[in-house]
Amino acid sequence: MTRRCSLHQSGEAETRTVPGSYFDATYARHEDPWGFGTRWYEERKRALTLAALPRERFDSAFEIGCSIGVLTEELTRRCGQLLSVDISQAAVDRAKSRLSRTSNLTIERADVAEEYPSGPFDLVLLSEVGYYFALDDLHRLIVSIEGSLATNGVLVACHWRHPVDDYPLSGDAVHQAIEEHGGLHRIVRHMEEDFVLEVFSPDPRSVAEQTGLA
């Protein structure tokens, strides 16, 4: 996901979180603003994200920033119940239309900087949305995510790495903030020039250790 908003001030910590009105205006101009349904880059990144999940199935998952529901659709095949939210009502409406026949999915409009579900979740997705938060708001969100994870839960974070002046934070800064909180252990890391994909968990064991292979 690549979203642009001219809110940059004098530094990352001083920049305000991107407001929902920006995304509503973006969806008003484009049906699929970031080409989730058409770009090979996005299709490949989704495949890598799904491959990085350390378990085949999850009981209860939470997706932050579902957009029009392309990754959401893939996640429903791996989750017993999935709650997906987006700050834009237009995005929520399109995701609901796309996935209207999916029974294990709830899609809602929500601003996770203001309201966060209690959980527990054994999977939380923070994909290409972390850099839209001011640093203080991101720290509060990370605390909320940590508090909502089950003891065997995982946080999957994936973000664009190229510099974009309009973003409140860089993708690398988002992942650094997650790591610095110290409440979660990184168990997967995939780094490319374009994006970083990491999986964090309260459980430090690798997939092989969790399944008795190591």
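What to note about this one:
- Residue in the range 174-183 that is of a type in the set (G, A, S), closer than 25 Å to G69 by Cα and part of a loop (DSSP other than H, G, I, E, B) present: no
- Counting only residues that are part of a helix (DSSP H, G or I) and either without any contact (Cβ under 8 Å) to a residue 60 or more places away in the chain or touching a Lys or Arg at 6+ places or on another chain (Cβ under 9 Å) (or both), the range 145-173 holds 5 of them.
- Residues of the range 75-120 that are among the β-branched types (V, I, T) and more than 17 Å from the chain's Cα centre (by Cα): T102 alone.
- Residue that is farthest from R205 (Cα to Cα), among those in the range 150-188 that are touching a His at 6+ places or on another chain (Cβ under 7 Å) and modelled with pLDDT of 95 or more: G171
- Across the range 131-138, a minimum of one residue is classified as closer than 21 Å to V164 by Cβ and either in contact with a strand residue (DSSP E or B) (Cβ under 7 Å, 6 or more places away or on another chain) or free of Cβ contacts under 8 Å to residues at least 60 places away in the same chain (or both).
- Close pairs from the range 77-89: first among the aliphatic types (A, V, I, L, M), partner part of a loop (DSSP other than H, G, I, E, B), Cβ under 7 Å, at least 6 apart: L82/N104; L83/P117; V85/C66; V85/A110; V85/V112; I87/D111
- Matching residues, the range 174-214, being open to solvent by 20 Å² or more (accessible area, probe 1.4 Å), out of contact with any Asp or Glu (no Cβ under 9 Å at 6 or more places or on another chain) and of a type in the set (G, A, S): G182, S206, A208, G212, A214
- Residues of the range 130-140 satisfying the condition of being open to solvent by 10 Å² or more (accessible area, probe 1.4 Å) and closer than 28 Å to R55 by Cα: H139, R140
- For the range 97-121, the tally of residues that are surrounded by 19 or more Cβ atoms within 10 Å (Cβ to Cβ) and not in a loop (DSSP other than H, G, I, E, B) stands at 3.
- Set side by side, the residues V85, V143, V124 differ, and just one is buried (at least 19 other Cβ atoms within 10 Å of the Cβ), under 23 Å from R186 (Cα atoms), hydrophobic (A, V, I, L, M, F, W, C) and at pLDDT 95 or above, which is V124.
- The range 57-82, subset in a helix (DSSP H, G or I) and among the β-branched types (V, I, T), residue surrounded by the most Cβ atoms within 10 Å (Cβ to Cβ): T72
The values are calculated or read from the model by the stated rules, or taken from the named source; none is laboratory data. Everything numeric here is computed off the predicted structure, so don't read it as measured data. When we count neighbours, we look across all protein chains shown, and the Cβ atoms used for this are built from the backbone with ideal geometry, even at glycine. Accessible surface is based on the protein model in full, side chains and every heavy atom, while ligands, DNA and RNA are left aside. Shrake-Rupley method; radii C 1.70, N 1.55, O 1.52, S 1.80 Å.
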